[in-house]
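So the structure is just underneath, and the comments pick up after that.
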Amino acid sequence: MKVEIFTDGSSLGNPGPGGYGVILRSGRHYKEISAGYKLTTNNRMELLAVIVGLEALKKPGTEVCVYSDSTYVVKAVEEGWLNSWKAKGFKNKKNVDLWKRYLESAQKHKVRFVWVKGHAGHPQNEKCDQLAVKAASGPEEDLLEDSGFIEPRLLLHPEHPGEGPGKTND
């Protein structure tokens with residue numbers, strides 16, 4: 001079985017409210033997934049979109065092509081950065097919780113990535129962007145907590161979780 005996964009992440013401020021949008025497509029099967037978070041970063045949402053797409057697959061060994069406009073995600077996987085980070089224990093790397101979760105979900109399938117230019121008219125990328133922005137723009141009471149983003153900051157700055165190293169570049 002072959003599945004296409006289209007993904008996008010959004011952050012309204014970096015950090016700020018964020019969301020992801022995912023489209024899964026295989027033959028006549030089609031599914032959209034999205035969720036919003038109170039405080040996160042764009043890179044976390046880009047990566048989480050890929051993870052959620054992979055975790056939605058039911059059959060191990062599925063051939064998957066992930067389409068993403070995130071050079072951070074695509075290059076980390078396709079150019080071997082992730083393997084290097086893992087070999088070095090993710091020392092001084094951000095989003096380690098999500099990268100470990102990605103590795104867990106990706107090992108079950110045959111995954112490859114294709115980078116697509118964002119905001120360039122690619123229909124599925126545009127739809128994923130709409131899903132992500134809508135999710136991030138939802139009512140605050142509906143937004144989820146990104147504990148992997150919040151908890152490290154609470155250790156550094158318990159009174160101001162939005163502050164700390166990497167504040168704008170996660």
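No lab work stands behind these numbers, since they all come straight from the coordinates. Note that the coordinates shown come from a computational prediction; the quantities given were computed from them, not determined experimentally. Note that each Cβ is placed from the backbone with ideal geometry, even for glycine, and that neighbours are counted across all protein chains shown.
Considering only PRO123, GLY18, LEU54, whose Cα is most displaced toward the positive end of the charge dipole of the stretch 2-145, charges sitting on Cβ of Lys, Arg (+1) and Asp, Glu (-1)?
Farthest towards the positive end: LEU54.
Pull out the extension gain between LYS88 and GLU126, defined as 0.36 nm times the separation in residues minus the alpha carbon to alpha carbon distance; nm, one decimal.
Using 0.36 nm per residue and subtracting the Cα-Cα distance, I get 10.1 nm.
How long is the gain from GLU141 to THR71 if the chain were fully straight, where each residue apart is worth 0.36 nm and the alpha carbon distance is subtracted?
22.1 nm
Determine, from the Cβ-Cβ distance of VAL96 and LYS58 and an R0 of 25 Å, the FRET efficiency 1/(1 + (r/R0)^6), rounded to the nearest 0.05.
Efficiency computed from Cβ-Cβ geometry: 0.40.
Tell me whether the stretch 2-145 comes out rounded, prolate or oblate; compute the Cα gyration tensor, take square roots of the eigenvalues as a ≥ b ≥ c, and use a/c under 1.5 as the rounded threshold. Write down the numbers at each step before the final one.
Working: a/c = 1.57, a/b = 1.09, b/c = 1.44.
Cα axes put the stretch 2-145 in the oblate bin.
Express the relative contact order of the chain as a whole percentage, based on alpha carbon pairs under 8 Å and six or more residues apart in sequence.
33
Please tell me which of these pairs span more than 27 angstrom C-alpha to C-alpha: LYS31/LYS100; LYS59/LYS134; LYS58/LYS100?
Values: LYS31/LYS100 25 Å; LYS59/LYS134 30 Å; LYS58/LYS100 20 Å.
Where the Cα-Cα span goes over 27 Å, the pairs concerned are LYS59/LYS134.
Just how large is the dipole of the chain about the Cα centre, in debye to the nearest 20, putting +1 at every Lys and Arg Cβ and -1 at every Asp and Glu Cβ?
I would put it at about 840 debye.
Using a basic spin-label model with each label point 7 Å from the Cα along Cα→Cβ, how many nm lie between GLU79 and SER26?
3.1
Based solely on its DSSP helices, what 222 nm [θ] is calculated for the chain when runs of n ≥ 4 H residues each add -39,500 (n - 2.57) and the sum is averaged over all residues, nearest 500 deg cm²/dmol?
Taking each H run of at least 4 residues, the total per residue is -11500 deg cm²/dmol.
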